[in-house]
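Asker: Sharing a structure with you now.
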Amino acid sequence: MKIIALMGSPRLKGKCNRLTQRALEGAASAGAETRNFELIKFNIKYCLGCGTCFLNKPELTIGTCPIKDDVRLILDEYVQADGYIFSSPSYDMFCTALIKTFLERKIALTYKSREMFGKIPAARPGIAQNFMKKASFIVTANCDDTLEEVMGEPCYEAFEAHLLFEEIDTVDKLYCGGVENMTDEEFEARLQKAFDLGKNLVETIRKYRAENS
Ligand SMILES: Cc1cc2nc3c(=O)[nH]c(=O)nc-3n(C[C@H](O)[C@H](O)[C@H](O)COP(=O)(O)O)c2cc1C
């Protein structure tokens, strides 16, 4: 079982990455192989909206994109993984532009003929997972936990968008509010929650597969 994280904070030593790393430790404790894609380390260019990736070659699992950067290598591992942790700080009440840029490029996992414009895109071969793969989310923010709906929900929705046609459902959502003035003790409790999230992701995938395959 392989769990990958798509980590959208530019601060590699920040709270979002520390929670993500701890979540992956939780996944590893349940027997998963893990990898943390700290997206800031990769060359991820903006989608140019040309449509090449989703308009052509419906037989491919990943549509070809004319942009030469690191997205293809991330997507190659993405399609091989069994579970996902999407994490981001809240920036202007949304996920960071860094992870949003990656999320837009995931449209290469869909196919849409011109006749299908106006409809939801179709998953490319091998992409629709019939819920055998699952995802969990982590969002950090300065606004405290009472503001999860305002700061966290828009991020969850962005993460979930493509998961709809990938047929991947969400297990846990961890909102960590008040990060900038949190005591070490308080943060330690959140790290434990992150560990549990990672562990639970693996256990939930395993249980679902045992019951449904
Ligand atoms: C450009 C920018 C915008 C931000 N916008 C918000 C916001 O809308 N709501 C909020 O609660 N915190 C906001 N913050 C605070 C970050 O969410 C917080 O610093 C971050 O979650 C900490 O995670 P990190 O340690 O990984 O950077 C913002 C921070 C920056 C730099």
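Each value in this text was obtained by applying a stated rule to the coordinates, not by laboratory testing. Keep in mind that this is a model prediction, so the values were computed, not measured. Cβ coordinates were reconstructed from backbone atoms using ideal geometry, including for glycine residues, and neighbour counts include every protein chain displayed.
Asker: Report the antiparallel proportion of the DSSP beta bridges in the chain as a percent, rounded to a multiple of 5.
Answerer: Working: 3 of 28 bridges.
That works out to approximately 10 percent antiparallel.
Asker: Then there is this: Determine, for each peptide in 74-87, 13-26, the mean count of other beta carbons within 10 angstrom over its residues, then list the peptides with the highest first.
Answerer: Numbers: 74-87: 19.9, 13-26: 22.0.
Descending mean neighbour count gives 13-26, 74-87.
Asker: Taking the chain as a Gaussian network, where each spring joins two C-alpha atoms under 10 Å apart, which residue of Met116, Met151, Met132 fluctuates the most?
Answerer: The residue that fluctuates most here is Met116.
Asker: How many nm separate the modelled label positions at Arg35 and Phe187, each set 7 Å beyond the Cα in the direction of the Cβ?
Answerer: 2.8 nm
Asker: Measuring from a point 7 Å past the Cα of Met116 along Cα-to-C-beta, which residues in segment 135-167 have an amide N at less than 12 Å?
Answerer: 165-166
Asker: Kindly provide the chymotrypsin sites (Phe, Trp or Tyr not before Pro) of segment 113-170 that DSSP labels as loop, not H, G, I, E or B, and whose Cβ sees at most 13 other Cβ atoms within 10 Å.
Answerer: Values: sites: Phe117, Phe131, Phe137, Tyr156, Phe159, Phe165; in loops: Phe117, Phe131.
Answer by residue number: Phe117.
Asker: Across all directions of projection, what mean area in square nanometres is found for the Cα convex hull of segment 2-212? Show your work: numbers first, answer last.
Answerer: Numbers: hull surface 47.3 nm².
For segment 2-212, averaging the hull's shadow over all directions gives 11.8 nm².
Asker: If you don't mind, there's one more thing I want to ask. Summing -39500 (n - 2.57) over the DSSP H runs of n ≥ 4 in the chain and dividing by its residue number, what mean residue ellipticity at 222 nm do you reach, to the nearest 500 deg cm²/dmol?
Answerer: Values: 8 runs with 83 residues, N = 213.
Calculated from helices alone, the mean residue ellipticity at 222 nm is -11500 deg cm²/dmol.
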